[in-house]
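Beneath this line is the structure, given in structure tokens, with notes to follow.
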Amino acid sequence: MLKSPVFKITVTGSYYTLLLPEEIIAPFLAKNLKRVKAVATFEGNQLDFHGAIQKRNGLHYMMFGKRYQNELGLFPNDEFQLQFFEDTSKYGVEVPEEFEAVMVSDYDAHQIFETLTDGRKRGLIYAIARYKNSQTKIDKTLLLCENLKRGIRDPRQLFKPL
């Protein structure tokens, strides 16, 4: 499995991005890996997350939102450590157990879910994962399944009860 050395980085600009060193990401890009698993550490705090390597104006970036910064305890211009790993997950994101269990139990909804774009799948998984309560994750996944089977595809409508 491909992994980068640990390197130091800071959040740049007002868009909460990380300007990625080319020598760090070159091995990932050479294998056409644009999504990575990352481990960020700062003053004893650790955050594991998945991210996309994006290219803009000839440079490579990764989003690192305010939520991640708060979880690490970062302030603007703080330098922290980061390491990338090859993302071997199915969807490019950690899947909550509750989501997986409901999907396994509803074959039809799972088949529909698999027809969605990779980005849409990740977005829906992130939407479920943000809930802290396990029962809420189950309830929201059940609602998602029912709405998928009803033919609803608009992400704004997928979690609304009918």
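Counting only residues that are part of a loop (DSSP other than H, G, I, E, B) and open to solvent by 10 Å² or more (accessible area, probe 1.4 Å), which one in segment 41-73 is nearest to Y126 (Cα to Cα)?
To start, the set of residues in segment 41-73 that are part of a loop (DSSP other than H, G, I, E, B) comprises 43-44, 53, 57-58, 64-65, 73.
Remaining after also requiring open to solvent by 10 Å² or more (accessible area, probe 1.4 Å): 43-44, 53, 57-58, 65, 73.
Values: E43: 27, G44: 26, I53: 18, N57: 28, G58: 29, G65: 14, G73: 22 Å.
Step by step, filter segment 41-73, then rank; the result is G65.
Given the options E98, E71, E43, name the one that is under 16 Å from the mean Cα position of the chain (by Cα) and within 27 Å of K132 (Cβ to Cβ). Can you show your working first?
Values: E98 fails: under 16 Å from the mean Cα position of the chain (by Cα); E43 fails: under 16 Å from the mean Cα position of the chain (by Cα).
Exactly one of E98, E71, E43 is under 16 Å from the mean Cα position of the chain (by Cα) and within 27 Å of K132 (Cβ to Cβ), namely E71.
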Item checked: Top-ranked residue in segment 7-30 [being over 20 Å from the mean Cα position of the chain (by Cα) and part of a loop (DSSP other than H, G, I, E, B); ranked as farthest from G65 (Cα to Cα)] -> P21
Next item on the list: With respect to V11, determine if the residue is more than 22 Å from K121 (Cβ to Cβ) and modelled with pLDDT under 95.
Entry: yes
Check: Is there a residue being within 30 Å of S4 (Cβ to Cβ), without any contact (Cβ under 8 Å) to a residue 60 or more places away in the chain, among the hydrophobic types (A, V, I, L, M, F, W, C) and touching an Asp or Glu at 6+ places or on another chain (Cβ under 8 Å) anywhere in segment 144-159?
Finding: no
Item checked: In segment 1-42, the residues that are touching a His at 6+ places or on another chain (Cβ under 9 Å) and either without any contact (Cβ under 8 Å) to a residue 24 or more places away in the chain or not aliphatic (A, V, I, L, M) (or both) -> P21, E22, R35, K37
Note to self: I'd like the full set of residues that are open to solvent by 30 Å² or more (accessible area, probe 1.4 Å), more than 23 Å from G65 (Cβ to Cβ), touching a residue at least 12 places away in the same chain (Cβ under 8 Å) and not acidic (D, E), limited to segment 76-109.
What the structure shows: T88, A101
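The values are calculated or read from the model by the stated rules, or taken from the named source; none is laboratory data. Model, not experiment: these values are computed from the prediction. All Cβ positions, even for glycine, are placed from backbone atoms using ideal geometry, and neighbour counts span all protein chains on display. SASA here: full protein model, heavy atoms, side chains in, ligands and nucleic acids out. Shrake-Rupley method; radii C 1.70, N 1.55, O 1.52, S 1.80 Å.
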